[in-house]
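Below is one structure, written out as structure tokens; the observations come after it.
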Amino acid sequence: MSVEKLKIGIVVGSVRKGRNAEAVSNWMYNFATKRYDADYEIVDLINYRLPLLGQEIPSEQQEEANSAIKGWSEKMATYDGYIFVTPEYNHTVGGALKNALDYLNPELNNKAAGFVGYGSLGGARAHENMRLILGELQVADVRTAVTFSLMTDFENMSVFKPADYHEGNANTMLDQLLAWSGALKTLR
């Protein structure tokens with residue numbers, strides 16, 4: 001009897017022009033897929049043109065907005081767990097990711113999440129913020145996070161050159177994420 005692999009979404013949590021999130025997400029994806037222990041997929045927020053939650057949407061843009069919201073919801077519902085790749089902006093998670101999460105609830109319930117961050121302190125304060133947000137969405141977050149420093153893991157704060165030691169935290173985070181994602185799958 002074969003066991004179906006868990007599906008893990010790696011969420012690119014920034015839509016800013018010139019963002020570092022894409023390089024960090026690609027690193028995480030490439031690292032994770034070499035383990036052959038789950039099905040990993042990148043989910044880039046830039047591909048979902050989500051309006052601000054509660055914003056009045058002109059009638060000529062309503063269909064496009066509804067389609068984006070539905071696509072985001074349906075995509076996120078397909079995963080057993082998540083890796084949120086997030087920069088730290090102003091000591092917190094970026095607005096685009098927070099807005100995107102505000103559109104979700106039952107899609108995320110009883111699932112698990114891990115964090116990969118970057119910033120002056122490795123995105124640690126964004127991760128703390130994410131723990132509060134995801135707790136409300138009934139997502140169990142794992143303890144170990146991968147934290148990249150803009151000062152040491154990026155050349156000129158823009159060219160991603162991660163130190164090798166991050167692989168240890170990435171492995172531990174993935175081990176924890178898969179254990180929790182598998183356990184929580186039994187509740188759904």
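Quick rundown of the values:
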| item | result |
| --- | --- |
| For segment 43-188, accessible area per residue (1.4 Å probe, heavy atoms of protein chains only), Å² | 50 |
| Under 21 Å from LYS17, Cα to Cα: lysines that are on another chain or at least 8 residues apart | LYS98, LYS161 |
| Sorted peptide list for 99-105, 77-83, criterion being average Cβ within 10 angstrom, highest first | 77-83, 99-105 |
| Estimated 222 nm signal from helices in the chain, with DSSP H stretches of n ≥ 4 weighted -39500 (n - 2.57), rounded to 500 | -12500 deg cm²/dmol |
| Relative contact order computed over the chain (Cα-Cα under 8 Å; 6+ residues apart), in percent | 22 |
| Rounded percent of accessible protein surface that carbon and sulfur make up, segment 5-115, 1.4 Å probe | 46 |
| Proximal lysines to LYS185, defined as alpha-carbon separation beneath 19 angstrom and excluding residues fewer than eight positions away on the same chain | LYS5, LYS7, LYS75, LYS111 |
| Counting DSSP beta bridges with both ends in segment 104-188, the antiparallel % (nearest 5) | 20 |
| Cα convex hull volume per residue for segment 62-149 (Å³) | 88 |
| Proportion of all alpha-carbon pairs of the chain beyond 31 Å (%) | 15 |
| Euclidean distance of C-alpha centroids, segment 9-88 and segment 162-184, integer Å | 20 |
| Residues GLN138 and HIS91, FRET efficiency given R0 of 30 Å [Cβ-Cβ distance, rounded to 0.05] | 0.75 |
| Whole-Å semi-axes of the ellipsoid equivalent to segment 102-181 (Cα gyration tensor, √5λ, descending) | 26, 15, 9 |
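The values are calculated or read from the model by the stated rules, or taken from the named source; none is laboratory data. Remember, it's a predicted structure, so these values are computed and weren't measured experimentally. Neighbour counts are summed over all protein chains in view; Cβ atoms, including those assigned to glycine, are modelled from backbone coordinates with ideal geometry. Surface areas here come from the heavy atoms of the whole protein model, side chains and all, with no ligands, DNA or RNA. Shrake-Rupley method; radii C 1.70, N 1.55, O 1.52, S 1.80 Å.
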